[in-house]
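See structure below.
Just so it is clear, none of the values below were taken in a lab; they were calculated from the coordinates. No experiment lies behind these values; they were computed from the predicted model shown. Positions of Cβ are backbone-derived with ideal geometry, glycine not excepted, and every protein chain shown enters the neighbour counts.
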Amino acid sequence: MDIILLCHAATRAMKTGRFPTGDEPAEYDARAQVRAQTARVISGPARVARDTAGWIARSYEIIQEFDDIDYGRWRGQSIREVGEREQENMAAWLTDPHARPHGGESIAMLAARVPEGIARIVRIQNVVPRDRCIVVTHAIVVKVLVALAIGKPLSSVYAMNFAPLSSSVLSVEPETGAWTVGLPQTADRTS
């Protein structure tokens, strides 16, 4: 079974260098207007993911495990200002997947919850199969899933970069649960 991991559209917070608040709307992007005719579309619960999912499907399901990482007290703040004010904390956040200096979630905590989202999709697909499945989520969630799929340490997420509306294909072997991943694609290739 193939699961297309689609990074949500850009937000104003992304464009202005701020940590997300979790309630930012997606900035309109015509590339996301491709309709997924036969695909099951799943979204993380954040508004930007739901907005993006709504552009590609008339209806979609929400799976909580695909929510953005919790940035704790850094939510909505300027990334540069936090870095200037909390240099050691920012350095830890950017190098240690177990660090959570903001009081929210660490990358390791995120990595503990997102595989259950994939497992839920596999269970749903076994009951009501669809030709393909598209998961609209956050770049950090995609990075973690890619690291897990290719057997790399969580610290490898710091070397990954996924643009808004880019996608990767996560292939799940239903019998064994083994994962493989395809290279990122542009938004035009997700339909």
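Sorted fewest first by neighbouring Cβ atoms within 10 angstrom, His8, His98 come out as His98, His8. Segment 54-69 and segment 148-180 have Cα centres lying 18 Å from one another. Between Thr180 and Ser155, the FRET efficiency from the beta-carbon distance, with R0 = 25 Å, is close to 0.75. As a rough footprinting exposure proxy, the listed residues Arg113, Arg18, Arg73 were ranked by other beta carbons within 10 Å of their own, and the order from fewest upward is Arg73, Arg113, Arg18. In units of the rule-of-thumb radius 2.2 N^0.38 Å, segment 65-123 shows an alpha carbon radius of gyration of 1.30. Taking only the Cα atoms of the chain, the radius of gyration and Dmax are 16.2, 51 Å. The order of Glu105, Glu61, going from fewest to most other C-beta atoms within 10 Å of their C-beta, is Glu61, Glu105. Note on Ala108 and Ile79: the extension gain reaches 8.4 nm, defined as 0.36 nm multiplied by sequence separation minus the Cα-Cα distance. Shown for the chain are the DSSP H helices of 18 Å or more along their axis, judged by Cα atoms, with a mean Kyte-Doolittle hydropathy of at least -0.5: 107-127.
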